[in-house]
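Asks: After the structure tokens below, expect a handful of questions from me.
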Amino acid sequence: MENMYDFGLVGLGVMGRNFILNVADNGFKAFGNDVDPIKVNALIEEGGDTNRVNASTDLKTFVDSLSSPRKIMLLVPAGKVVDIVIENLLPFLNHNDIIIDGGNSFFTDTDRREAYLQEKGIHFFGSGVSGGAKGARLGPSIMPGGNREAYQHVRPIFEAVAAKAHGEPCVAYLGPKSAGNYVKMVHNGIEYGLMQLTSEIYDLLKKGGEYSNELLHQTYAKWNSGRLQSFLVQITAEIFEQKDELGEGDLIDKILDKAKQKGTGKWTSQNAMDLGIPIPSIDIAVSMREISALKEERVRADALYNRPDITTMNKAKLGTLAEKALFFSFIVTYAQGLHQLSDASKEYGYDLNMAEIAKIWRAGCIIRAGLLGDIMQAFQEDNDLPNLLLSPRFVEKIQDTIEAARELVSYAAQNGIVVPGLSNSLTYFDAYTSARLPLNLIQAQRDYFGSHTYERLDREGIFHTEWEE
Ligand code: 6PG
């Protein structure tokens with residue numbers, strides 16, 4: 001067989017199959033590989049008549065079909081499987097061939113693989129791909145990191161298949177080593193935060209304003225045509241419309257309230273702690289999934305304690321407050337995730353272009369939102385902006401919405417409605433924008449019981465006091 005295929009893809013699950021068909025739709029010849037002959041045949045059947053798609057279960061046939069340097073993307077489960085596939089491929093590869101891991105791999109695994117493959121003359125890219133199955137088919141947001149020169153070989157294909165925002169492809173070379181996987185990890189952390197916030201607002205509208213599912217649908221749909229325009233708000237509107245196919249009523253009311261997770265949100269939080277960057281809106285979103293999993297304990301505890309009777313609020317008033325509070329907390333959540341990215345960029349030498357990241361998140365990915373246009377501009381004005389909240393561009397948006405967030409958080413607290421994402425966002429904002437915090441007392445306590453010393457406001461130096469005297 002001639003070396004005539006432009007792109008290879010290992011792992012023909014839903015994501016892999018959709019991605020390869022997307023590559024073929026854009027005029028490239030793509031070859032798939034999977035250990036499962038059913039998946040291989042399904043791909044040949046679906047894409048074969050274009051003459052641009054082929055597939056085989058045999059790894060050598062697969063590799064030999066690709067033009068040099070070979071560009072091989074893996075869409076297989078993160079973890080050990082990635083290492084196994086790499087080892088299986090290695091005997092067939094040549095110098096300068098390129099392997100792209102498109103899964104949600106942990107960034108330190110990507111660093112390890114990149115160093116290992118570099119010794120063998122193979123380029124390795126950790127490349128986040130966001131947008132789910134539909135995104136993979138019609139245009140995902142792609143976040144590649146690795147060797148800059150080698151990226152030039154991948155670039156035409158990725159730019160063709162990626163989603164387009166205002167005509168521009170939602171893919172860019174992000175930086176060396178694990179930069180791409182790291183950016184995708186934080187993307188997912190932000191995703192967790194936004195999902196938590198959207199669900200809290202749903203609870204507030206339902207319990208505090210007795211919104212029906214139909215009204216919830218209309219409300220989220222209306223928000224999606226305003227400043228809250230985003231994929232997550234859009235699908236939330238659609239979810240409230242979905243009827244239950246297995247019984248009476250709306251599907252949303254039948255879904256068990258235990259949220260699962262695959263780990264990327266948790267990794268974001270863990271790594272933020274390592275870096276010393278506060279991201280409480282994301283942390284609490286991870287914790288809430290964990291609390292949600294404790295369903296049986298929650299049911300037992302619910303029976304033990306009284307909750308306040310809910311004083312309902314006027315629907316229109318509540319709707320206005322909710323739109324503002326959601327917009328406020330979305331901004332604060334993006335601010336935290338992007339703060340983490342700025343810091344990680346320095347810590348790990350990624351040299352991230354923050355505006356470029358906002359730019360490639362504007363379409364295709366799960367956290368795509370109208371707001372990202374403003375975020376992009378804020379970083380175009382200052383790539384070293386430590387935090388979005390320091391951008392003059394965001395001051396007015398916050399001023400316009402923060403009072404609503406305060407009112408809703410206190411209303412929720414008084415009525416026993418659970419809004420930790422909202423209240424963490426508010427508290428984070430208040431703390432981050434406080435010139436003075438009471439942590440002077442913590443320094444005094446540390447020095448009192450452990451001689452840990454403290455600094456002073458009025459003079460330079462390190463001080464210790466013999467407190468007990
Ligand atoms: C994306 C998503 C995706 C992620 C799912 C599930 O950008 O397309 O982030 O990569 O795997 O959203 O994540 P959880 O199972 O952890 O919720």
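The values are calculated or read from the model by the stated rules, or taken from the named source; none is laboratory data. The structure displayed is predicted, hence computed values, not measured ones. Neighbour counts are summed over all protein chains in view; Cβ atoms, including those assigned to glycine, are modelled from backbone coordinates with ideal geometry. Areas reflect the complete protein model, heavy atoms only, side chains present, ligands, DNA and RNA absent. Shrake-Rupley method; radii C 1.70, N 1.55, O 1.52, S 1.80 Å.
Asks: ³J(HN,Hα) across the range 280-288 via Karplus (A = 6.51, B = -1.76, C = 1.60, θ = phi - 60°), whole Hz, x for Gly/Pro?
Replies: In residue order, the calculated couplings are x, 5, 7, 3, 5, 5, 5, 4, 5 Hz.
Asks: Could you state the accessible area per residue of the range 53-127 in Å², with a 1.4 Å probe and every protein chain left in place? Can you show the working numbers first?
Replies: Values: 2940 Å² over 75 residues.
Counting only protein heavy atoms, the per-residue value for the range 53-127 is 39 Å².
Asks: Gly373: net charge of surrounding residues, Cβ under 11 Å, Lys/Arg +1, Asp/Glu -1, itself excluded? Mind showing how you got there, number by number?
Replies: Numbers: positive: Arg227, Lys359, Arg362, Arg368, Arg393; negative: Asp374.
It works out to a net charge of +4.
Asks: Something else about it: List the trypsin sites (Lys or Arg not before Pro) in the range 227-309 that DSSP assigns to loop (not H, G, I, E or B) and whose Cβ has at most 15 other Cβ atoms within 10 Å. Which are they? Kindly include the intermediate steps, with their values, before the conclusion.
Replies: On the way: sites: Arg227, Lys243, Lys254, Lys258, Lys260, Lys262, Lys266, Arg289, Lys295, Arg298, Arg300; in loops: Arg227, Lys258, Lys260, Lys262.
Within the range 227-309, the qualifying trypsin sites (Lys or Arg not before Pro) (loop, at most 15 other Cβ atoms within 10 Å) are Lys258, Lys260, Lys262.
Asks: Quick one: which residues, 5 or more positions from Leu74 or on another chain, have an amide H under 5 Å from its amide H? H modelled 1.01 Å from N in the peptide plane, none for Pro or chain starts.
Replies: Val10, Ile100, Asp101, Gly102
Asks: To the nearest 10 degrees, how steep is helix 371-381 against the longest Cα principal axis of the chain, on a 0 to 90 scale?
Replies: 90 degrees
Asks: Taking the 0 to 90 degree range and rounding to the nearest ten, how far is the long axis of helix 107-119 tilted relative to the main principal axis of the chain, both from C-alpha atoms?
Replies: 30 degrees
Asks: For His452, what is the net charge nearby, where nearby means another residue's Cβ is under 14 Å from its Cβ and Lys, Arg count +1, Asp, Glu -1? Walk me through the intermediate numbers first.
Replies: Numbers: positive: Arg446; negative: Asp447, Glu455, Glu466.
So the surrounding residues net to -2.
Asks: Give the separation of the Cα centroids, the range 210-251 to the range 1-45, in Å.
Replies: Cα centroid of the range 210-251 versus Cα centroid of the range 1-45: 36 Å apart.
Asks: Right, here's the next one. What percentage of the solvent-accessible surface of the chain, computed with a 1.4 Å probe over protein heavy atoms, is contributed by carbon and sulfur atoms?
Replies: That share works out to 51 percent.
Asks: From the phi of every residue in the range 162-169, what ³J(HN,Hα) in whole Hz does the Karplus formula 6.51 cos²θ - 1.76 cosθ + 1.60 yield, where θ is phi - 60° and glycine or proline is x?
Replies: These are the phi-based 3J(HN,Hα) values: 5, 4, 10, 10, 6, x, 9, x Hz.
Asks: Considering only DSSP states other than H, G, I, E and B, which GluC sites (Glu not before Pro) in the range 205-264 qualify as loop sites with at most 11 other Cβ atoms within 10 Å? Spell out each step's value before the answer.
Replies: Numbers: sites: Glu210, Glu214, Glu238, Glu241, Glu245, Glu248; in loops: Glu210, Glu241, Glu245, Glu248.
Within the range 205-264, the qualifying GluC sites (Glu not before Pro) (loop, at most 11 other Cβ atoms within 10 Å) are Glu245, Glu248.
Asks: Ignoring chymotrypsin sites (Phe, Trp or Tyr not before Pro) that are buried or in helix or strand per DSSP, and keeping those with at most 12 other beta carbon atoms within 10 Å, what is the longest stretch of the chain between them?
Replies: Working: sites that count: Tyr305, Trp467.
Counting at most 12 other Cβ atoms within 10 Å as exposed, the longest clean stretch of the chain is 1-304.
Asks: Now for a different question. I'm a student and want to see the number: the projected area of the Cα convex hull of the chain, averaged over all directions, in nm². It would help to have the intermediate numbers written out before the result.
Replies: On the way: hull surface 112.2 nm².
So the Cα hull casts an average projection of 28.0 nm².
Asks: Which log10 I(q)/I(0) values does the range 184-432 give at q = 0.09, 0.12, 0.17 Å⁻¹ under the Debye formula, counting every alpha carbon as one identical point scatterer?
Replies: One equal scatterer on each Cα of the range 184-432 leads to -0.39, -0.70, -1.39.
Asks: While we're here: At 1.4 Å probe radius, can you tell me the per residue accessible area of the range 184-432 in Å²? Numbers along the way, then the final one.
Replies: On the way: 11440 Å² over 249 residues.
On a per-residue basis, the range 184-432 sits at 46 Å².
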